[in-house]
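A quick write-up on the structure given underneath.
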């Protein structure tokens with residue numbers, strides 16, 4: 001673990017690393033941070049990212065969280081957050097996920113953008129995002145928290161890589177040209193075909209393109225701009241749903257097709273209801 005960060009940031013990162021390694025949820029990290037600001041929380045996340053890269057993991061994209069105004073109000077923030085997607089977080093469509101990889105997983109459906117150009121210009125706007133997007137695709141994000149019972153604040157989820165877990169991309173891709181993502185209707189169904197979550201594209205910061213624009217500007221300003229080929233999970237279109245072993249979920253997004261995944265095995269910890277998650 002690099003030692004150039006202050007001890008509280010190192011301690012928070014180590015707490016989260018230990019929870020992930022041992023598959024044992026930990027107490028919140030906000031009590032370790034001197035001010036629990038976004039800057040401090042991202043310092044923890046960056047330390048974890050550096051550690052992951054040193055271990056050989058590879059970044060393939062980013063995810064946007066806190067795209068729901070209701071969740072933002074709940075946590076007392078006025079902006080989204082973001083996390084890093086690593087190659088080993090990608091799950092093939094229809095694949096069965098070993099629940100032992102996760103601690104307290106929940107599933108949400110969203111629109112993923114795959115970039116065909118860098119987003120690093122000085123004057124980024126919605127048109128630049130559309131022009132840089134190679135295609136969009138239906139996606140499932142399996143969010144997870146290393147923090148026991150999902151007892152999180154903004155600082156906790158940012159530090160914990162925006163409560164990232166795994167992600168699944170559908171097989172049907174569409175160019176963004178001609179699509180109005182605000183009108184995309186999403187339904188998430190369980191194994192019995194019951195709708196367990198639903199929503200629309202407009203629920204994601206008014207338009208998922210806005211979420212990607214926020215991310216592109218933020219990452220550019222931080223010196224790590226979005227690059228060609230990266231995947232961007234733009235944020236949940238509806239409420240997330242707890243995933244239990246032996247559960248199956250299928251999301252259908254109008255105009256974008258569907259995507260599904262299943263869970264098997266037993267987790268080392270029970271899924272905790274906790275407070276509503278702030279990951280999406």
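The values are calculated or read from the model by the stated rules, or taken from the named source; none is laboratory data. Keep in mind it's a predicted model, so treat the numbers as computed, not measured. Heads up, the Cβs are rebuilt from the backbone with ideal geometry, glycines too, and the neighbour counts pull from every protein chain shown.
Just give me the residues in the stretch 1-36 being in contact with a helix residue (DSSP H, G or I) (Cβ under 6 Å, 6 or more places away or on another chain) and in a helix (DSSP H, G or I), in sequence order.
9, 12, 13
In this structure, does residue 229 turn out to be in contact with a strand residue (DSSP E or B) (Cβ under 9 Å, 6 or more places away or on another chain), within 27 Å of residue 95 (Cα to Cα), at pLDDT 95 or above and in a loop (DSSP other than H, G, I, E, B)?
Answer is yes for this residue.
May I ask you to say which residue of 160, 88, 118 is over 19 Å from the mean Cα position of the chain (by Cα) and at pLDDT 95 or above?
Being over 19 Å from the mean Cα position of the chain (by Cα) and at pLDDT 95 or above holds for just one of 160, 88, 118, which is 118.
Would you be able to tell me the number of residues in the stretch 73-88 that are assigned to a helix (DSSP H, G or I) and either in contact with a helix residue (DSSP H, G or I) (Cβ under 9 Å, 6 or more places away or on another chain) or crowded, with 23+ Cβ neighbours inside 10 Å (or both)?
Number of matching residues: 1.
Restricting the stretch 166-189 to residues that are in contact with a helix residue (DSSP H, G or I) (Cβ under 7 Å, 6 or more places away or on another chain) and not in a strand (DSSP E or B), which is farthest from residue 67 (Cα to Cα)?
176
Do the conditions hold for residue 140, that is, is it surrounded by 24 or more Cβ atoms within 10 Å (Cβ to Cβ) and within 14 Å of the chain's Cα centre (by Cα)?
yes
Which numbered condition in (1) closer than 21 Å to residue 188 by Cβ; (2) in contact with a helix residue (DSSP H, G or I) (Cβ under 6 Å, 6 or more places away or on another chain); (3) surrounded by fewer than 16 Cβ atoms within 10 Å (Cβ to Cβ) is the only one that residue 113 fails?
(3)
Out of the residues in the stretch 94-104 that are assigned to a loop (DSSP other than H, G, I, E, B) and under 17 Å from the mean Cα position of the chain (by Cα), which is nearest to residue 53 (Cα to Cα)?
102
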